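Note sheet for the following structure.
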Amino acid sequence: MIRTRSLSYTYNSEKEIAFGDLNIAGGDQFLLLGESGSGKTTLLHLMGGLLKNQQGTIEVNGTSITNLSESELDRFRGKHYGFIFQRNHLLAALTVEQNLLMAPYLAGLTQDRSRVEEVLVQLGIADQKKKRIQELSLGQAQRVAIARAVLNKPSVILADEPTSALDDRSCDRVSELLVSVAQQNQATLIIATHDQRLKNRIHHLIQL
Amino acid sequence: MNLFALIFAYLKARPLNTLLNILLLSLGIAMITILLLFSNQLQQKISDNTKGIDLVVGAKGSPLQLILCNVFHIDFPTGNIKLQEADRLAKHRLVKNAIPMALGDSYQNYRLVGTTRAYADLYKAELETGTWWQQDMEVTIGATVARLLNLKLDDTFASAHGLSEAGHAHEEHPFVVKGILKPTFSVLDNLILTNVSSIWLVHEHSEEEHETIKPDSLSASVLVPTAFASDSTRELTALLLKYRNPIAAIQLPRYINSQTNMQAASPSFEAARLFSILGVGIDALTGFAYVLIFISALSIFIALYNSLKERKYDLAIMRSMGASRSKLLWATQLEGVVLTFCGSVLGVALGHVVLFLFTTLVTESQTAGVNAFVFYVEELYLLVGSVVLGIICSLIPSFQAYRTDIHKVLAQG
């Protein structure tokens with residue numbers, strides 16, 4: 001679960017954005033809605049420990065991540081979070097399987113090939129395991145990115161505009177995947193987006 | 001997955017660039033390796049070949065030529081000296097011992113040396129098969145001569161006048177091979193040894209009647225016991241001297257150069273002079289090799305620097321997956337080090353292989369006795385140096401990787 005208290009962030013020591021207190025229980029699914037520049041990404045990155053130097057506190061699974069040092073935060077991210085971005089940001093030099101194995105390697109967990117297999121089956125791309133990233137279609141690549149985010153069984157999945165570049169059909173498919181994969185892995189899902197289409201599927205809203 | 005797998009995947013993703021960087025560095029390293037092998041072995045050869053020879057005495061001329069001719073057997077003789085004079089010098093109180101050298105003939109480019117057993121002892125030569133030469137026209141041959149000319153015991157051959165193949169053949173006086181030496185890895189391997197009087201014999205064209213009377217011990221020459229000490233017609237090419245004491249090093253060369261018709265030259269001094277002349281060329285080539293290495297380091301730096309721009313999302317996403325700043329720093333450092341290390345290992349191997357091909361394909365180089373498969377500790381320094389080089393050229397890129405601002409990069413899209 002995630003709790004924030006009197007959280008605010010100052011850009012370039014001028015513009016300050018304050019965020020309302022949040023209480024997100026484990027396994028919940030939330031949409032973080034708002035227009036561009038409303039601070040969605042900032043809040044998501046703050047909650048994900050990708051951004052520091054904020055005011056206020058953030059507590060994730062009982063750990064106050066605002067008090068963690070840089071390297072403690074790195075380790076915490078690796079174990080508790082899965083990230084999905086608008087672009088899939090896969091490592092183009094590696095194969096699908098190697099990309100997925102990077103997640104436990106960088107998080108300092110054991111690299112379990114059967115877990116890779118399991119996640120790939122969940123996402124319906126088991127036959128792409130040995131392929132290079134360039135050989136994948138866009139849709140397949142996005143599935144790989146989702147697979148990578150859930151591989152370590154994170155308690156929180158943070159997605160930043162995962163669907164905004166997609167057409168209606170793909171958007172529907174990706175959102176369904178995200179929701180079902182988060183459920184299967186018992187993870188909290190938070191999607192930051194301005195994409196109103198997602199409201200059909202996820203009903204908890206945080207409006208910025 | 002691990003850091004190495006990641007780095008190899010990155011290097012494999014840009015195969016041409018990786019190949020160029022490795023090749024560029026390996027060329028520089030190979031060049032240094034070849035120069036190292038060559039100059040080290042040459043220096044070793046020079047000091048091995050001059051060991052035990054304090055002074056070379058021959059006809060007046062260039063001292064360097066005297067040494068090259070009589071110690072290294074490369075150049076032509078400066079002329080002849082009278083046996084009488086040589087004999088007198090051999091009995092000088094400052095001379096511990098003197099070895100006569102009579103040159104002038106060769107067989108298939110390999111020199112015949114009329115000398116005494118003491119000359120072979122100088123290089124601690126041992127017999128592989130057969131015996132030492134005893135009678136006139138008997139020879140004991142060096143290991144390389146035997147191998148390359150395929151000479152066996154009791155083979156006979158006619159020597160040619162002069163020290164090159166084109167000389168007039170002395171067919172009326174064939175030599176017979178009586179013994180073959182074990183390799184000494186010195187100039188001796190390329191020589192055909194016989195006694196002094198054999199050399200005289202093949203050159204006696206008109207003097208049909210040779211004195212057959214054995215000289216008695218009173219008047220026999222010290223250097224060539226079969227000749228009369230007073231015989232004024234006999235000549236030698238040079239004398240190799242060993243000093244009796246340190247005073248000789250000061251007095252003897254001066255005495256010979258000023259009081260006799262002969263000149264004295266010190267092998268170690270002349271060899272050092274020769275090497276300093278060669279050294280200029282070696283220094284120039286080494287400089288060029290370092291320029292190559294510098295360019296390859298620059299190329300590796302640029303490749304890493306550019307790839308880091310392409311990889312800024314990779315770096316950010318790896319951080320989001322739990323990689324620490326220092327892990328990305330090490331990954332980038334390691335990539336540079338892997339490149340330079342591969343380059344230098346390939347370079348050292350290339351250096352040895354090129355030298356091996358050179359020594360096997362170019363026959364002349366075999367007589368120089370350079371061995372391609374000798375390894376020096378300096379080559380280890382080259383490998384260590386290349387690791388340092390890798391660290392240096394990935395310093396700035398790795399620091400950039402360290403400083404990746406994940407929020408900024410990932411917020412961009």
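Observations on the model:
- Volume of the convex hull of region B:59-100 (Cα atoms only), normalised per residue: 80 Å³.
- Cα-based helix-to-principal-axis angle, B:3-13 vs chain B, degrees rounded to 10: 80
- Taking only Cα atoms of region A:61-142, radius of gyration then Dmax in Å: 14.5, 43
- Under Karplus coefficients 6.51, -1.76 and 1.60, residue-wise ³J(HN,Hα) of region B:135-140 in Hz, glycine/proline x: 8, 4, 6, 9, 10, 10
- Partner chain coverage, peptide A:84-95 - average Cβ within 10 angstrom: 6
- Label separation (B:LYS152 vs B:GLN43): 4.3 nm, computed from points 7 Å beyond Cα along the C-beta direction.
- Whole-Hz ³J(HN,Hα) from phi, Karplus 6.51 cos²θ - 1.76 cosθ + 1.60, for region B:404-411, glycine and proline x: 3, 8, 5, 4, 4, 5, 6, 6
- Around the Cα centre of the protein assembly as shown, unit charges on the Cβ atoms of Lys, Arg, Asp and Glu (plus for the first two, minus for the last two) sum to a dipole of about 2920 debye.
- Note on B:PHE356 and A:ASP28: their simple-model spin labels are 7.1 nm apart, each label 7 Å out from Cα toward Cβ.
- Euclidean distance between Cα centres, region B:17-81 to region B:133-199, Å: 24
- Overall, the ratio between the Cα radius of gyration of region B:55-265 and 2.2 N^0.38 Å, rounded to two decimals, is 0.99.
- Kirkwood-type hydrodynamic radius, chain B: 25.5 Å, calculated from all non-identical alpha-carbon pairs.
- Cα long-axis angle, helix B:267-310 against chain B (0 to 90 degrees, to the nearest 10): 10
- When the Gaussian network model of chain B links Cα atoms closer than 10 Å, the mean-square fluctuations of B:GLY162, B:GLY281, B:GLY390 top out at B:GLY281.
- Computed [θ] at 222 nm, helices only, for the protein assembly as shown once each DSSP H run of length n ≥ 4 contributes -39500 (n - 2.57): -15500 deg cm²/dmol
- Summarising the amide proton neighbourhood of A:PHE30: residues at separation of 5 or more, or on other chains, whose placed amide H is nearer than 5 Å comprise A:LEU189, A:ILE190, A:ILE191.
- Annotation: amide H of B:GLN108 within the under-5 Å range of B:ALA160, sequence separation 5 or more or interchain, hydrogens built in the peptide plane.
- Folded to 0 to 90 degrees: helix A:70-80 orientation relative to chain A principal axis, Cα: 60
- The calculated FRET efficiency for A:GLU135 paired with B:ALA349, based on their beta-carbon distance and R0 = 35 Å, is about 0.50.
- Residues whose amide H falls under 5 Å from that of B:ALA169, counting only those 5 or more places apart or on a different chain, are B:HIS161, with hydrogens built in the peptide plane.
- Here the protein assembly as shown has an Rg and Dmax of 41.7, 129 Å, counting Cα atoms alone.
- For the residues of A:67-77, the average number of beta carbons from a partner chain within 10 Å of their own beta carbon is 3.
- Per-residue mean of C-beta atoms belonging to partner chains within 10 Å, peptide B:306-314: 2
- The value of relative contact order for region B:55-265, using C-alpha pairs under 8 Å at least six residues apart, is 35 percent.
- Using bins of 10 Å that start at zero, the share of Cα-Cα pairs per bin across region A:2-207 amounts to 8, 35, 36, 18, 2, 0, in whole %.
- B:SER276 versus A:THR63: modelled label distance in nm, points set 7 Å from Cα along the beta carbon direction: 7.0
- Greater than 21 Å apart at Cα, pairs in B:LYS45/B:LYS242; A:LYS129/B:LYS312; A:LYS40/B:LYS408; B:LYS309/B:LYS408; A:LYS40/A:LYS153; A:LYS52/A:LYS79: A:LYS129/B:LYS312; A:LYS40/A:LYS153
Any read-out appearing in this document is the output of simple, stated calculations on the displayed coordinates, not a laboratory observation. Bear in mind that the values here come from a model prediction, so they are computed numbers and not experimental data. Don't worry about glycine lacking a Cβ; one is built from the backbone with ideal geometry, like all the others, and counts go over all protein chains shown.
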